[in-house]
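Below you'll find the structure, written out as structure tokens, and then a few comments.
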Amino acid sequence: MFDQLSGRLSAAIAALRGRGRLTEENIAATLREVRIALLEADVALPVVKRFIEAVKARALGTEVSASLNPGQALIGILHRELVSVLGGGGLGLSLNVQPPLVMVLAGLQGAGKTTTAAKLAHWLITTHKRRVLLVSTDVRRPAAILQLERLSEQVHADFFPAPAGLPAPAIAAAALAQARNGVYDALIVDTAGRLHIDAELMAEVREIDAAAGAHQRLFVVDAMSGQDALNAARAFSATLDLTGLILTKADGDARGGVALSVREVTGKPIVFLGMGEKTDALEPFDAERMAQRILGMGDVVALVESVQRNIEVGEAERLARKVSQGKAFDLADLRSQLEQLRRMGGMGAMLDKLPTQMTRNVVPPADADRQVRRQLAIIDSMTVRERRTPGLIDGSRRRRIARGAGVQVQDVNRLMKQFLEMQKMMKRFRGGAMKRLLGGLSH
């Protein structure tokens, strides 16, 4: 998300390099480019106007210090205003209530409410050790109820099976009673969506909110839905006293303007970003860090958190001990490393969190991710013995492996060359260097 906006803003700011100070003329020229970039990213026009006026007011007359150039000075101003538009230092999702914490998810059909309900449950269970009950009030779509029931099993949450024939508000009330009787910490209520806003939908979601006694009323919006999301946001904001927003599909090819626009229109904080289909692909939203990513400054904190979440310390320690003891790094070890990279979202997810200047000359993320998938397929086409003893892989074996993986022999040769280089590098970590690494892993 925000790739296009980030690129346009970086180009606009780059034009200020070499200038001695910010002037009315160069500020005006740069802000014209910023305005176009925001509009192309699908930011609502009123939001663009207010943003540009605020940046202009801050920038005019700003003197550039000895350690900054005009581009850096303007980045600082844009960053502060972006943080403000995105919600500043919001408190996020408040969990400090008498259990059960009740969360009602509302939004249009297709926004990803059901998947988000499961992701929220997973986040509460894994991050906060809460006992969670899930319920679907979508009485018109049995498939939605079945989907949530299956997802609840995946995330180890309990599911409330609604008695047949009950209206949606009654289901919410029954689920609340079950949450109280079962001593649950949280109840997440998934509501029905529509392809469009209608009076029936709004009346029903209002009744569900009242029946469940919700503490959190979260509007779930598709980050790729563009300006259509604004009408839905206004309607739901007028119907419910929303407490926060969840942006789904934020990992897609979205221009990102909906994040800036919906936050401004509703006046409510963005609390989570949905970053994929997996049940753990939900990130708490941080305005400061998102503003940095928009301006090409990266989000190294998010990268470190992703590493901590996905890297298996036990596997890392196993590999470290193996290499320190003089045992050779083999293709099974390489596969383990590639699999952990894939779990982190691939190269695209990693590069997205690095500053723009560090990623200008690297392989495009899509190409890098394809390469990782190809390498995994090649290794999977090998026998266990070949992975453990790479020296066995001669020409005929390489041809067989290539056929099994659906690639060219050259692809197998390329992987083997890269593997041998990694194997040489691993040899340098024997002894003291690896012991120091092991000491770091144990903390």
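Any read-out appearing in this document is the output of simple, stated calculations on the displayed coordinates, not a laboratory observation. These numbers come from a predicted model, not from an experiment. A quick note on method: Cβ atoms are made from the backbone with ideal geometry, for glycine too, and the neighbour counts reach across all protein chains shown.
Data for the structure
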| read-out | value |
| --- | --- |
| Environment charge at ALA168 (Cβ cut-off 14 Å; Lys +1, Arg +1, Asp -1, Glu -1) | -1 |
| Protection proxy ranking, peptides 415-427, 177-189, average beta carbon neighbours within 10 Å, highest first | 177-189, 415-427 |
| Contour minus Cα-Cα distance for ALA11 and LYS427 (0.36 nm per residue) | 145.4 nm |
| Cβ-derived FRET efficiency at R0 41 Å, THR126 paired with ASP380, nearest 0.05 | 0.90 |
| Per-peptide average of other Cβ atoms within 10 Å, ordering 156-163, 401-408, 240-247 highest first | 240-247, 156-163, 401-408 |
| Built amide H within the under 5 Å cut-off of ARG194, gap 5+ | GLN109 |
| Relative counts (whole %) of C-alpha pair distances in the stretch 161-230, using bins that are 5 Å wide | 3, 14, 23, 22, 17, 10, 7, 3, 0 |
| Rg and Dmax [Cα atoms of the stretch 72-151; Å; Rg one decimal, Dmax integer] | 17.7, 55 |
| Cα-Cα separations in the stretch 101-284 greater than 23 Å, expressed as whole percent | 34 |
| Sequence-distant residues sharing a close amide H with ASP251 (under 5 Å, placed H) | GLY276 |
